Amino acid sequence: ECFFHVFETEIHNTIIDNKLFNKGDRVAIGASGGKDSTVLAYVLKLLNDRYSYGLDLVLLSIDEGITGYRDDSLETVKRNRDQYQIPLLIISYKDLYGWSMDDIVKEIGRKNNCTFCGVFRRQALDRGAIMLNVDHIVTGHNADDIAETVLMNILRGDLPRLQRCTSIITNDTSEDSSGIETSKILRSKPFKYTYEKEIVMYAYFKKLDYFSTECIYSPNAYRGHARVFLKDLEAIRRTTIVEGLNKGLPQLGIGHTTKIRRMHEAGNLTSGLSSPASPSTPGDESGVATPSSLASEEKGKVVTHIKDLSRLENMPTLGGA
Ligand code: SF4
């Protein structure tokens, strides 16, 4: 019971602290039948009732057309619709694009399947959201997923995505066939700070009805390698997955370089070590944090983090190349 309470309260706090919703919003839950989206649908309904968010919830599922996988998982979503009393819309790649994923794989073979599928799904979700007239799409991406995405973007050297991928809320613009902007749909990830393990435990102990088979096209996915690497890191240090997100440290590397350089030039940083500036640092009346206004405990954490990062940089290249 304590775990349920903490889990639900943390999601509620994430929603409130980040002002994810407005009263009366119509919100589509991207539902695949897997554990993440099933728990998301269950918890959002529960919190919506408990805290009177005033949300109008709908389930939105995309049928990629993967025989033996998506057809089974959609049966789970249909049961969730009845169990949680949330309306459901299913739209398929076949209807939208004339091709199912099975057709595409037959044509191009078993490589880069997730790259195609991911782009199609994103568009399909937008189309579904327009059909449902929703203001907002929520997805079940959790802290582990985000850590994997960060790592993948680093390995690909994709800096624009690296900057965007940790945002809890993003604003998407959709266009009709003539290229005219038709709607702005918010997307958010209420599970940004939630470990995958917690979600599995919650689903298991709540006895939620979810589908746990892996997609037949996923074993070769690039993401799988990032996942294995992160699990290895997590075995060494348990907080690897959310540590940076919770402390705002990703900004140290990708958001505040100019500020860090300015601090360096002003001689406020020693030995190449830098600290994240925080406007809310106590004792800083101007609202602009300086390294000297940071608590020494925080400095210690940053130093440790930077040492860890430099150790990682000195690690041999993956695969021995
Ligand atoms: Fe599509 Fe890849 Fe997900 Fe399968 S694992 S549904 S191919 S994105």
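Answer yes or no as to whether L57 is away from the ligand (no atom under 16 Å from the Cβ), within 16 Å of L89 (Cβ to Cβ), surrounded by fewer than 22 Cβ atoms within 10 Å (Cβ to Cβ) and of a type in the set (A, V, I, L, M). Judged against the criteria, L57 is a match. If the condition is being open to solvent by 30 Å² or more (accessible area, probe 1.4 Å) and in contact with an Asp or Glu (Cβ under 6 Å, 6 or more places away or on another chain), then the range 119-146 contributes only D135. Select from the range 76-93 the residues that are in a helix (DSSP H, G or I) and among the β-branched types (V, I, T) and list them in ascending order. Of everything in the range 76-93, those that are in a helix (DSSP H, G or I) and among the β-branched types (V, I, T) turn out to be T76, V77.
Selection of the range 95-118 for residues being modelled with pLDDT of 90 or more, open to solvent by 60 Å² or more (accessible area, probe 1.4 Å) and touching a helix residue (DSSP H, G or I) at 6+ places or on another chain (Cβ under 8 Å) yields only W99. In this structure, is S73 within 16 Å of the ligand (Cβ to nearest atom) and not in a helix (DSSP H, G or I)? It is false that S73 is within 16 Å of the ligand (Cβ to nearest atom) and not in a helix (DSSP H, G or I). From the set of residues in the range 83-115 that are over 16 Å from D63 (Cβ atoms) and of a type in the set (V, I, T), which is nearest to the ligand (Cβ to nearest atom)? My answer is T115.
The residue that is farthest from the ligand (Cβ to nearest atom), counting only those in the range 197-224 that are touching a residue at least 60 places away in the same chain (Cβ under 8 Å), open to solvent by 30 Å² or more (accessible area, probe 1.4 Å) and in a helix (DSSP H, G or I), is F205.
Only residues that are within 13 Å of the ligand (Cβ to nearest atom) and in contact (Cβ under 8 Å) with a residue 40 or more places away in the chain: list them for the range 116-138, please. If the condition is that a residue be within 13 Å of the ligand (Cβ to nearest atom) and in contact (Cβ under 8 Å) with a residue 40 or more places away in the chain, then C117, F120, R121, A124, L125 are the ones that fit. Has the range 62-69 got any residue that is part of a strand (DSSP E or B) and in contact (Cβ under 8 Å) with a residue 24 or more places away in the chain? Yes, there is a match, as at least one residue in the range 62-69 is part of a strand (DSSP E or B) and in contact (Cβ under 8 Å) with a residue 24 or more places away in the chain. The sole residue among T9, T67 that is open to solvent by 30 Å² or more (accessible area, probe 1.4 Å), among the polar types (S, T, N, Q) and within 15 Å of the ligand (Cβ to nearest atom) is T67.
The values are calculated or read from the model by the stated rules, or taken from the named source; none is laboratory data. All figures in this text were calculated on a predicted structure; none of them were measured in a lab. FYI the Cβ positions are ideal-geometry reconstructions off the backbone, even for glycines, and counts take in every protein chain you see. SASA here: full protein model, heavy atoms, side chains in, ligands and nucleic acids out. Shrake-Rupley method; radii C 1.70, N 1.55, O 1.52, S 1.80 Å.
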